[in-house]
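Encoded as structure tokens, the structure appears first; notes follow it.
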Amino acid sequence: MSIALQIRELQPHDAEQVAALTHQLGYERTNAQVAAWITAHDAATQAVYVACRGEEVLGWIEVSIVSHLQSDRHTLIGGLVVKDGTRGLGIGRMLCQRAEQWTLDHGIDTIRVTSNAK
């Protein structure tokens, strides 16, 4: 089953819904903390995309460029969440595809992800 979604960059007005989704990952972030992060993050090396149905945020993905001495430059999916009740609709796949495209757009060919038991 597929639903009509828009995948777009995170905006300041998304802070409240993104904070609520962050709680589903097991992290306590206030609306104010999320809003502050949105305005302060380095857009050259980090991006967050949201999946929206109208004004409702159904999921988000955060991807960052990582550069370590011991490995080639790569991107890391630092967070991915899809709203309870909307999982299984392909939202996570669409968000991952957007993160993959962002990675390629930055001239990087490796993307990594870690997982949380939640």
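Computed on the range 26-87, with alpha-carbon pairs under 8 angstrom and 6+ residues apart, the relative contact order is 23 percent.
In the context of the full protein assembly, Asp42 retains an accessible surface of approximately 80 Å², using a probe radius of 1.4 Å and ignoring ligands and nucleic acids. For the pair the range 75-113 and the range 16-37, the centres of their Cα atoms are 18 angstrom apart. Subtracting the Cα-Cα distance of Glu9 and Leu104 from 0.36 nm times their residue separation leaves 32.6 nm of extension gain. Pick the calculated volume of the Cα convex hull per residue in Å³ for this structure from (1) 90; (2) 113; (3) 82? Given (1) 90; (2) 113; (3) 82, the structure-derived one carries the label (2). Probing with 1.4 Å while keeping every protein chain in the model, the per residue accessible area of the chain equals 59 Å².
Here the accessible area is traced with a 1.4 Å probe on the protein chains. For the range 1-50, carbon and sulfur cover 54 percent of it. Assign one of three labels to the range 43-109, namely rounded, prolate or oblate, based on the Cα gyration tensor with a ≥ b ≥ c the square roots of its eigenvalues; rounded applies when a/c is under 1.5, prolate when it is not and a/b is larger than b/c, and oblate otherwise. Note, shape of the range 43-109 comes out prolate.
Within the chain, antiparallel bridges make up roughly 90 percent of the DSSP beta bridges whose residues both belong there.
To the nearest ten degrees, helix 91-105 and the longest principal axis of the Cα atoms of the chain are 30 degrees apart. Placing dummy labels 7 Å off each Cα toward the beta-carbon, the span from Gln70 to Glu16 is 4.4 nm.
The values are calculated or read from the model by the stated rules, or taken from the named source; none is laboratory data. Nothing here was measured: the structure is a model prediction, and the numbers come from that model. Note that each Cβ is placed from the backbone with ideal geometry, even for glycine, and that neighbours are counted across all protein chains shown. Ligands, DNA and RNA are stripped out before the accessible areas are found, and what is left, the full protein with its side chains, is counted by its heavy atoms. Shrake-Rupley method; radii C 1.70, N 1.55, O 1.52, S 1.80 Å.
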